[in-house]
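Report on the following structure.
The values are calculated or read from the model by the stated rules, or taken from the named source; none is laboratory data. Fair warning: this is a prediction, and the values are worked out from it, not measured in the lab. Cβ atoms come from the backbone with ideal geometry, glycine included; neighbour counts cover every protein chain shown.
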Amino acid sequence: MKLKINDLPKQGTPDYSHLIPIVDYLFSTGNASVNDYDWGNNRTGYFCHLKNKIDFHDLLEHFELPPSIKLNQESQTIDCMNTYSIIRGGKSENC
């Protein structure tokens, strides 16, 4: 059974909070943040930058995503169009 990701975070939580299960899953399968923190923010919104590429096939086997969350395998991004929060995969296959 796939875990359903909501199109918006719960009220009163950070804009990226509905994407935390995705990041936690990616960490559990061997990925890691390139930073000393999981989530950062800048003028465009919240971001999580990963060391390794995202396995989108595997990701879609585990999660049901709403249409507002856009996947781009070529640019290695998972982008929430509602909150402007983004997860970006890295260039390497392994740490």
Answer yes or no: is there a residue in the stretch 77-84 that is of a type in the set (A, V, I, L, M), loosely packed, with under 15 Cβ neighbours inside 10 Å and at pLDDT below 95. no
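Restricting attention to the stretch 32-47, report how many residues are free of Cβ contacts under 8 Å to residues at least 12 places away in the same chain and surrounded by 13 or more Cβ atoms within 10 Å (Cβ to Cβ). Steps first, answer last, please.
Step one: list which residues in the stretch 32-47 are free of Cβ contacts under 8 Å to residues at least 12 places away in the same chain, which gives 36-37, 40-43.
Now restrict to residues that are surrounded by 13 or more Cβ atoms within 10 Å (Cβ to Cβ): 40-41.
Count: 2.
List the strands (runs of 3 or more DSSP E) that sit entirely inside the stretch 45-95 and contain at least 1 residues that are basic (Lys, Arg). First the steps, then the outcome.
Details: elements: 45-49, 69-72, 77-80, 85-88.
Counting at least 1 such residues, we get 69-72, 85-88.
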Residues that are within 13 Å of the chain's Cα centre (by Cα) and among the β-branched types (Val, Ile, Thr): does the stretch 35-50 have at least one? no
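Tally time: how many residues in the stretch 8-17 are part of a loop (DSSP other than H, G, I, E, B) and surrounded by 15 or more Cβ atoms within 10 Å (Cβ to Cβ)? So that I can check it myself, show each step before the final result.
So the first thing to find is which residues in the stretch 8-17 are part of a loop (DSSP other than H, G, I, E, B), and the list is 8-16.
Next cut, surrounded by 15 or more Cβ atoms within 10 Å (Cβ to Cβ) only: 9, 14-16.
Going through the stretch 8-17 one residue at a time, the tally reaches 4.
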